[in-house]
Amino acid sequence: MPRVSPTLVFILLAALVPASFLLAIKAGSLGTGVDGLWDGLINPENPVHRIIWELRMPRAIGAFAVGALLALAGCLMQVLLRNPLADPYVLGISGGAACMALLGMSMGLTILPVPVLAFAGALGSTLLVFVLARGKGAWSSTRILLTGVVVAAGWGALISLILATGPDASLRSMLYWLMGDLSYVRLSGWWLLPLAAVVGFLWFRARSLNILTGGETQARLLGESSQRVFWEIYVIASLLTALAVSIAGSIGFVGLIIPHLMRMIVGADHRRLLPAAALFGGIFLVVADTAARTLLAPRHLPVGVLTALIGVPLFLFLLNRAIRIR
């Protein structure tokens with residue numbers, strides 16, 4: 001694929017962010033024209049004003065934040081394993097976070113908030129995968145991936161047990177949340193500031209990530225502490241995944257597909273890849289969530305179902321393309 005100018009890519013992504021938000025606040029059962037949309041945005045007396053600012057805009061912000069978090073977590077896990085198949089969903093990190101969060105919700109645990117429980121589950125799942133994969137020998141990306149798949153299956157079994165033994169009254173809401181649902185997300189624009197700070201921090205660590213993609217030997221030769229960077233990636237990827245899961249449940253394929261696409265367009269340099277993946281991941285999930293709530297209106301689909309329907313054929317296409325290039 002011919003490489004596109006990174007400047008042009010970022011200009012396009014910057015233009016698509018407000019466009020995706022406009023699509024999200026315009027689409028719905030109370031669709032409006034351009035004049036009606038503008039009046040609804042600025043006029044508190046317009047009935048659409050409350051729908052936009054209390055329902056659609058917070059949901060779009062939540063979708064953008066979750067998409068960016070998952071895309072960044074996917075980038076980090078692919079650096080960690082030096083394997084493009086790595087993804088929080090595939091490696092069981094999302095499953096661990098979802099299992100702990102769901103356990104807290106079903107048991108009514110109020111001592112610890114859901115994000116803390118999700119982070120504990122994500123971090124514990126990460127450590128479990130790497131401890132089991134290493135065993136008595138050295139790590140290998142293949143062993144870690146296979147172990148991650150098995151651990152993810154184990155979390156899935158525990159989640160099924162929680163759902164089967166949980167209260168019937170909350171079963172539907174828990175199922176929707178588990179499939180990835182943004183119906184009840186109400187995030188303010190202030191959430192975008194810590195998200196930008198995370199992207200900025202990872203951008204400053206981009207050199208270390210670039211070195212680490214070449215392997216531990218190259219990292220040591222270039223004076224980089226591979227173990228320290230590994231632990232940074234463990235913790236940050238777990239935290240990003242936990243935040244995403246605690247906001248919207250388990251949404252698959254975003255952390256797998258988005259880094260792939262952006263790596264093909266802007267290259268493997270993480271100084272460009274990380275911000276591009278965060279922007280496009282957010283845009284993708286905003287558009288996907290808008291489609292999920294409008295395609296079968298008045299019924300709403302869980303957005304995780306739609307991302308899987310898009311992600312599976314797209315990933316198979318990218319995989320087949322990579323094989324043909326080789």
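The values are calculated or read from the model by the stated rules, or taken from the named source; none is laboratory data. Note that the coordinates shown come from a computational prediction; the quantities given were computed from them, not determined experimentally. Every residue, glycine among them, receives a Cβ derived from its backbone with ideal geometry; neighbour counts consider all protein chains shown.
Contact annotation: residue pairs with Cβ atoms under 8 Å, 6 or more positions apart or on different chains, pairing a residue in segment 160-185 that is closer than 18 Å to Ala97 by Cβ with a partner that is charged (D, E, K, R), are Leu182/Arg59; Leu182/Asp289; Val185/Arg59. For segment 156-178, the set of residues classified as surrounded by 18 or more Cβ atoms within 10 Å (Cβ to Cβ) and within 13 Å of His300 (Cα to Cα) consists of Tyr176, Trp177, listed by residue number.
Is at least one residue of segment 125-139 at pLDDT 85 or above and closer than 26 Å to Ala248 by Cα? Yes, that holds for at least one residue.
Within segment 242-257, being of a type outside the set (Val, Ile, Thr) and either touching a Gly at 6+ places or on another chain (Cβ under 7 Å) or closer than 12 Å to Leu117 by Cα (or both) holds for Ala242, Leu243, Ser246, Ala248, Gly249, Ser250, Gly252, Phe253, Gly255, Leu256. Whether any residue in segment 87-95 is buried (at least 24 other Cβ atoms within 10 Å of the Cβ), more than 21 Å from Trp177 (Cβ to Cβ) and among the small types (Gly, Ala, Ser) is what I want to check. Within segment 87-95 (the criterion being buried (at least 24 other Cβ atoms within 10 Å of the Cβ), more than 21 Å from Trp177 (Cβ to Cβ) and among the small types (Gly, Ala, Ser)), the answer is no, since none of the residues qualifies. Determine, yes or no, whether Phe284 is at pLDDT 90 or above, part of a helix (DSSP H, G or I) and either over 18 Å from Ser20 (Cβ atoms) or under 13 Å from the mean Cα position of the chain (by Cα) (or both). So Phe284 fits the description; yes. Among the residues of segment 244-269, the ones that are farther than 17 Å from Val90 by Cα and in a helix (DSSP H, G or I) come to 9 in all.
Taking the listed residues Leu256, Leu273, the one that is surrounded by 23 or more Cβ atoms within 10 Å (Cβ to Cβ) and in contact with a Lys or Arg (Cβ under 7 Å, 6 or more places away or on another chain) is Leu273, with no other qualifying.
Please verify whether Phe284 is among the aromatic types (Phe, Trp, Tyr) and either buried (at least 24 other Cβ atoms within 10 Å of the Cβ) or touching a His at 6+ places or on another chain (Cβ under 8 Å) (or both), treating the condition exactly as stated. Considered against the rule, which asks whether it is among the aromatic types (Phe, Trp, Tyr) and either buried (at least 24 other Cβ atoms within 10 Å of the Cβ) or touching a His at 6+ places or on another chain (Cβ under 8 Å) (or both), Phe284 comes out as yes.
Quick check on Ala63: is it surrounded by 21 or more Cβ atoms within 10 Å (Cβ to Cβ) and at pLDDT 75 or above? So Ala63 fits the description; yes.
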